[in-house]
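Before any comments, here is the structure.
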Amino acid sequence: MKIRIIDGNVLLPNGLRKIDIEIKDGVISKIGAKKNNDSSVKIIEANGKYVLPGFIDLHTNGIAGFDLTNGFYDVSTNKFLIEEEKYLHGLDNSLKEFAKHGTTLVAYTTLEASINKLKKIFKFIAKYKNESISLYKNVFHGIYMEGTFMKDIRFCGAHNPKYFFKPSISLFEEFHDAAEGNIKIVNVVPEWDEPALELIKHLASKNIICAAGHTGANGNQYLKAIQNGLTLAIHVLNGPSSSSFKPFENGGALEALLKTETMHVEIIPDGYHVDKSYILDIIKRKGVDKCIAISDSMFVTNLKKIREFEINNVAGKISKNGKYIRLAGKEEENSLFGSVLTMDKAFTNLLTWFTNPIEGVWNRIHRPLKFEQALLYTSRMCSANPAKLLGIYSSRSGEVESSRNLTGSIEVGKCADVIISDIKKNNDEYKLKIANVILNGKLLTDKLLFKTNDV
């Protein structure tokens, strides 16, 4: 079936255009196609709404009562259920919830856990990817291993150091075999020195993204890791990464990643994990094209029936305003525990910050951008930049080819992951309201498709 979106403000890579787009067999087939009387074409009237590329959440632990590492959360018992049937149901339900918020692709993140537990869930995930007939399995891009190869307890954040393991190629390959090749990103902290460098080189040789966060590495250790294939900094400025203002060892991880042009950085734009002044400072220092907006969301996101919880023997507590999570009992330390952010909210936060004058910390003032420029920058951070990092933005030759694997922008030949939404301004703040989501060329407006289980 063909779909034609008409009368929309379409965000193309070079700006907004009032133009029609056509979708055929899951791919964007035409931009600016002339209207005709073909009765086989389903017409979607955008009525001036904004047509955007789907969001890509590069780093999320869960949503709607599901945690990738621990499974489905039973609110009646306050316990996680990790039996296969419950796990797969919770996974599919969570991907459906992501889609409701405009997220059409997810790199799903693991917390720390025992080796056997991780291998167990990786096998579940492989089964889901191989056997599920659910449309929403296309939202799952791959596994992001965050908590396994960490080291320094001072930088553990909400992760339990009991399940930290020395980097090992053989151990990683056990995980990768269990996941049947679905691991796409791995956190390897450089302070493990030679074992870390060996694993980073191995991952890079397999085109698996090497990330570093929750790290106490000094600048020299971090720079060596970059030289061997490290390309992604995990939730920058969110506490657990080393920094030093002194001249020794080239500073810490923060100084190394800021100085290195090849490094991409994750940013949690909820306004709580990192103040917006610092976020705009980082974007200015690194450049928009090296910055990726993430949610870092937890299973309690959009789960309204609980305020406190425990996961892997670490207690968490929803803030009074419901907009972030604290480590329970550590309010005075301002220790946060993941987030309850969704990518549509991340998008509007960034759009609002870009279009208002905001005082920086390392910069005196960040002057407001015009709306269209701010929209382009925000879309890059939420869609194009993560796609580029994942290697699914364009073909290796640099030309856009017809492929369901290419996404991150609205261009002919790319996968039809598209959002149609209202964007309205109230005082100095923008609001985005999603009207339609098209996932792999399929329209998700049917109530049955959007219905989720009561969580």
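The values are calculated or read from the model by the stated rules, or taken from the named source; none is laboratory data. Just so it is clear, the model here is predicted, and its values are computed rather than measured. As a convention, Cβ positions derive from the backbone with ideal geometry for all residues, glycine included, and neighbour counts pool all protein chains shown. For the accessible areas, the whole protein counts, side chains as well, though only heavy atoms, and no ligand, DNA or RNA atoms are used. Shrake-Rupley method; radii C 1.70, N 1.55, O 1.52, S 1.80 Å.
Let me spell it out: the conditions are (1) outside any helix (DSSP H, G or I); (2) surrounded by fewer than 17 Cβ atoms within 10 Å (Cβ to Cβ); (3) touching a residue at least 60 places away in the same chain (Cβ under 8 Å); (4) touching a helix residue (DSSP H, G or I) at 6+ places or on another chain (Cβ under 8 Å), and S243 meets all of them except one. Which number is the exception?
(3)
Residues checked against (1) open to solvent by 20 Å² or more (accessible area, probe 1.4 Å); (2) assigned to a strand (DSSP E or B); (3) closer than 18 Å to F122 by Cα:
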residue: K162; (1), (2), (3): yes, no, no
residue: K166; (1), (2), (3): yes, no, no
residue: D177; (1), (2), (3): yes, no, yes
residue: E180; (1), (2), (3): yes, no, yes
residue: I185; (1), (2), (3): no, yes, yes
residue: H202; (1), (2), (3): yes, no, no
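Would you please list the contacts, defined by Cβ atoms under 8 Å and residues six or more apart or on different chains, that run from a residue in the range 342-355 that is more than 15 Å from K323 (Cβ to Cβ) and among the hydrophobic types (A, V, I, L, M, F, W, C) to a residue that is open to solvent by 20 Å² or more (accessible area, probe 1.4 Å) and in a helix (DSSP H, G or I)?
L350/Y377; W353/K276; F354/Q373; F354/Y377
Do we have any residue at all in the range 126-145 that's more than 30 Å from G441 (Cβ to Cβ) and either open to solvent by 10 Å² or more (accessible area, probe 1.4 Å) or of a type outside the set (A, V, I, L, M) (or both)?
No, that holds for no residue.
How about the range 246-256: which of its residues are open to solvent by 10 Å² or more (accessible area, probe 1.4 Å) and part of a helix (DSSP H, G or I)?
If the condition is that a residue be open to solvent by 10 Å² or more (accessible area, probe 1.4 Å) and part of a helix (DSSP H, G or I), then F248, E249, N250, L254, E255 are the ones that fit.
Does K320 satisfy the criteria of being closer than 29 Å to N426 by Cα, over 21 Å from the mean Cα position of the chain (by Cα), open to solvent by 30 Å² or more (accessible area, probe 1.4 Å) and at pLDDT below 90?
Yes; evaluated as a whole, the condition is true for this residue.
Please go through the range 204-217 and give me each residue that is in contact with a Ser or Thr (Cβ under 9 Å, 6 or more places away or on another chain) and either assigned to a helix (DSSP H, G or I) or closer than 22 Å to L389 by Cα (or both), ordered by number.
Within the range 204-217, A204, I209, C210, A211, A212, G213, H214, T215 meet the criteria.
What are the residues in the range 218-240 that are touching a His at 6+ places or on another chain (Cβ under 9 Å), polar (S, T, N, Q) and not in a loop (DSSP other than H, G, I, E, B), if any?
Correct list: T231 only.
If L237 satisfies all but one of (1) open to solvent by 40 Å² or more (accessible area, probe 1.4 Å); (2) at pLDDT below 95; (3) over 17 Å from the mean Cα position of the chain (by Cα), what's the number of the condition it fails?
(3)
Give the residues of the range 258-275 that are out of contact with any His (no Cβ under 9 Å at 6 or more places or on another chain) and not small (G, A, S), sorted by residue number.
L258, K259, T260, E261, T262, M263, H264, P269, D270, Y272, D275
Inside the range 204-213, can you point out the residues that are touching a Gly at 6+ places or on another chain (Cβ under 6 Å) and either free of Cβ contacts under 8 Å to residues at least 12 places away in the same chain or open to solvent by 10 Å² or more (accessible area, probe 1.4 Å) (or both)?
Once the filter is applied, which keeps residues that are touching a Gly at 6+ places or on another chain (Cβ under 6 Å) and either free of Cβ contacts under 8 Å to residues at least 12 places away in the same chain or open to solvent by 10 Å² or more (accessible area, probe 1.4 Å) (or both), the range 204-213 yields only A204.
Only residues that are open to solvent by less than 40 Å² (accessible area, probe 1.4 Å), acidic (D, E) and either in contact with a strand residue (DSSP E or B) (Cβ under 7 Å, 6 or more places away or on another chain) or not in a helix (DSSP H, G or I) (or both): list them for the range 76-106, please.
Across the range 76-106, the qualifying residue is only E97.
Considering only residues of the range 323-351 that are touching a Pro at 6+ places or on another chain (Cβ under 8 Å) and buried (at least 23 other Cβ atoms within 10 Å of the Cβ), which is nearest to Y272 (Cα to Cα)?
Checked the range 323-351; the qualifying residue nearest to Y272 (Cα to Cα) is L341.
Output the residues belonging to the range 276-299 that are touching a residue at least 60 places away in the same chain (Cβ under 8 Å) and either touching a Pro at 6+ places or on another chain (Cβ under 9 Å) or not in a helix (DSSP H, G or I) (or both).
Selection gives K276, I279, C291, I292, A293, I294, S295, D296, S297, M298, F299.
Which ones in the range 426-455 are assigned to a strand (DSSP E or B), basic (K, R) and modelled with pLDDT under 95?
K442
Of the residues that sit in the range 142-177 and are within 28 Å of L237 (Cβ to Cβ) and polar (S, T, N, Q), which one is modelled with the highest pLDDT?
Restricting to residues being within 28 Å of L237 (Cβ to Cβ) and polar (S, T, N, Q), the top hit is T148.
Contact list please: Cβ distance under 7 Å, first residue in the range 300-317 and within 11 Å of N78 (Cα to Cα) and in contact (Cβ under 8 Å) with a residue 60 or more places away in the chain, second residue among the small types (G, A, S) and part of a strand (DSSP E or B), pairs at least six apart or on different chains.
Between residues of the range 300-317 that are within 11 Å of N78 (Cα to Cα) and in contact (Cβ under 8 Å) with a residue 60 or more places away in the chain and residues that are among the small types (G, A, S) and part of a strand (DSSP E or B), the close pairs are F309/G316.
Condition first: of a type in the set (A, V, I, L, M, F, W, C) and open to solvent by less than 50 Å² (accessible area, probe 1.4 Å). Now tell me which residues in the range 7-31 satisfy that.
Residues satisfying the conditions are V10, L11, L12, L16, I19, I21, I23, V27, I28.
Evaluate the range 178-188: report whether one residue or more is of a type outside the set (D, E, K, R) and more than 23 Å from P386 (Cα to Cα).
yes
Out of the range 42-67, which residues are surrounded by fewer than 24 Cβ atoms within 10 Å (Cβ to Cβ) and under 18 Å from the mean Cα position of the chain (by Cα)?
Listed by number, the list holds a single entry, A64.
Which residue, of K290, K305, K345, K317, is of a type in the set (K, R), at negative phi and touching an Asp or Glu at 6+ places or on another chain (Cβ under 6 Å)?
From the options K290, K305, K345, K317, the qualifying one is K317.
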